[in-house]
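Structure, as structure tokens:
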Amino acid sequence: MPLGSLFDSRGLPRLLAVAAVLFAVTGGQVALAQPADAGHDVTFTKDVVPILQRSCQICHRPGAIAPMSLVTYEDVRPWARSIKRYVEAREMPPWYIDRRIGIQEFKDDPSLTDEEIATIGAWVDAGAPRGNPADAPPPVEFPGPEDWRMGEPDLIVAMPEPYMLPPDGPDQFPNIIVDPGLTEDRYIKAVEMKPDARSLEVVHHATTHMTVFDDDITRGNFLNEYAVGKNGDIFDDGTGRLIKAGTKIRFGLHLHPYGEEIPVMVKLGLQLYPSGYEPKYTLISQHMGDDDDLLIPAGQHSVRTDGYTLLTEPAVVTAFQPHLHTRGQAQCIEAIIPQTDEEGNVLKRAPGPYGAAPLMEQVTLNCVPKWYFNWHLVYNYAEHAAPVLPAGTVIHVSTWHDNSESLRVNPDPRNNVVYGQRTIDEMSFAWVSYYYIDEAEYKARVAARNARNSNDQQ
Ligand code: HEC
């Protein structure tokens, strides 16, 4: 299969080509990005406010999760140097995809362009001038805690009672199981989770799982993630997630004490397809590349583990999310793809001592080169950039852990660490969301991607 069909125009192969051209033109000196309107005086009202509105204020406003508001000039001015440092280091906004490799088009990507970072830098270096108040865009109205951003749910699953979070102490990670009383299998069309107004400042993130108890085995299936600023998950048309009769919802909360006792309340909203309706595609979110034999020796960093998961049918991958604990360091996800000819037949090597093995190609989908335990982020691919993979593709997840003293959040570098559920144990896998398509549709989608890519190249 031609590589181009995997990616759209900003994918890996093109990136490399652009880098090579830049290198040729500049003789190796890659020019630094310039602020958007270099030459003009960069001001808060004209240049900085639009950036803060798009990428920061959802968290940095009164009553939201971040420690300070970045709405007015008075709010922002004392933080100017710190803002410059954080955005230049790409630590804020939270978005940790490696920009040099892999897919770069996502839904809801809040990250700053190089120009925006240069604009903030130029503004701070010029003494952080306010500028003309008339230049500022109107303030953004953010959704209130009572608003469902996906629209009204058909089913609301609420915690039975608030969880009382003490005013101080370490972060807490309660698990709460709720029975929504579902008596028939249904398909979910959209899902959203939200804390109530009082809990907004303390819910750092939260997940829900669909939990089924059968044959005394508890099976969990990742449903949804709440992270500040996230929209509901509204599945592509004709795509749904199955929720089986009798499923219980498990809320997994990450709570951050805030100086006063807070009754934490989180709700899950579901929009459902009509009873009896089966959507064309069933979206699955599952662990991939698990390595449950983890051993991370005391004091060591860059300890690598690898895990592999086979896709048995052609698939479209819609999202990925690294799942590591406090000692997580980095993760990459790649697809090992059987190569096919124009008709979609798998290409094989000439028969050798191991038989006629298929030709495989490794392609990095994405890397998260630095893991921050505070930020469990889901990276949702833009629809036109979501990888379309043939049957027989192996998803390979490489993970690195850091158990050294230099990791500030390391609970104890003197201990060997193994796999386990507790936060002080470790895990190594990625949540991957995907749906299977049939062979005919696979071929049609590859052809459409290739046509698009060759149009882009003209
Ligand atoms: C998804 C929520 C979110 C977004 C979006 C976000 N921040 Fe933050 N920011 C936080 C939180 C929470 C903290 C506190 C530290 C932590 O948990 O990482 C923080 C910390 C900071 C700090 C350090 C504060 C200190 O105490 O030194 C700076 C500076 C900052 N953010 C600037 C920004 C800027 C500038 C943007 C936009 C370009 C931005 N942030 C976007 C949530 C966010």
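Worth a mention:
- Other residues with beta-carbon under 9 Å from the beta-carbon of Ile177 carry, at +1 per Lys or Arg and -1 per Asp or Glu, a net charge of +1.
- Carbon and sulfur %, accessible surface of region 146-201 computed with the full protein complex present, 1.4 Å: 49
- Region 107-139 versus region 276-324: alpha-carbon centroid distance in Å: 37
- Options Tyr436, Gly181, Val446, ranked by Cα towards positive dipole end of the chain, top entry (Cβ charges): Val446
- For the chain, Cys with no neighbouring Cys Cβ under 4.7 Å: Cys56, Cys59
- Once C-alpha pairs closer than 8 Å and six or more residues apart are averaged by separation and normalised to the residue number of region 300-458, the relative contact order reads 41 percent.
- Amide H contacts of Asn224 (H built 1.01 Å from N, under 5 Å, at least 5 apart or other chain): Thr208
- Cleavage-rule hits (trypsin sites (Lys or Arg not before Pro)) in region 371-458: DSSP loop, at most 15 neighbouring Cβ within 10 angstrom: Arg408, Arg414, Arg422
- Region 153-207, Cα convex hull volume normalised per residue, Å³: 110
- Mean separation of Cα contacts under 8 Å, 6 or more apart, over the residue count of the chain: relative contact order %: 19
- Here the contact order of region 155-281, divided by its residue count and restricted to Cα pairs under 8 Å and six or more residues apart, works out to 48 percent.
- Measuring max minus min along each principal axis, the C-alpha atoms of region 32-135 give extents of 40, 37, 22 Å (largest first).
- Accessible area of region 285-457 belonging to carbon and sulfur atoms, whole % at 1.4 Å probe: 51
- Dipole magnitude (debye, nearest 20) for the chain, charges at Cβ of Lys, Arg, Asp, Glu: 780
- 20 Å-binned pair-distance histogram of the chain (Cα, whole percent): 21, 55, 24, 1
- Each peptide in 59-72, 361-374 gets a packing score, the mean of other Cβ atoms within 10 Å over its residues, and the list from highest to lowest is 361-374, 59-72.
- Taking other residues whose beta carbon is less than 12 angstrom from the beta carbon of Ile333, and scoring Lys, Arg as +1 and Asp, Glu as -1, yields -3.
- Taking 0.36 nm per residue of sequence separation and removing the Cα-Cα distance, the Asp341/Asp98 pair yields an extension gain of 84.4 nm.
- Net charge, Gly355 excluded, C-beta distance under 15 Å - Lys, Arg +1, Asp, Glu -1: +2
- Taken per residue, the accessible surface of the chain reaches 48 Å², heavy atoms only and a 1.4 Å probe.
- Taking every DSSP helix (H) stretch of at least 4 residues in the chain, weighting each as -39,500 (n - 2.57) and dividing the sum by the residue count yields a mean residue ellipticity at 222 nm of -4500 deg cm²/dmol.
- Phi angles of region 95-101 translate, via the Karplus equation with coefficients 6.51, -1.76, 1.60 and θ = phi - 60°, into HN-Hα couplings of 5, 10, 6, 5, 7, 9, 8 Hz per residue; Gly and Pro are given as x.
- Simple rule: put +1 on each Lys or Arg Cβ and -1 on each Asp or Glu Cβ in the chain, find the dipole, and look at Pro137, Val42, Pro369; the Cα lying farthest toward the positive end is Val42.
The values are calculated or read from the model by the stated rules, or taken from the named source; none is laboratory data. Computed from a predicted model, the values in this text were never measured in an experiment. Ideal geometry is used to build each Cβ from the backbone, glycine not excepted, and the neighbour counts take in all protein chains shown. Accessible surface is based on the protein model in full, side chains and every heavy atom, while ligands, DNA and RNA are left aside. Shrake-Rupley method; radii C 1.70, N 1.55, O 1.52, S 1.80 Å.
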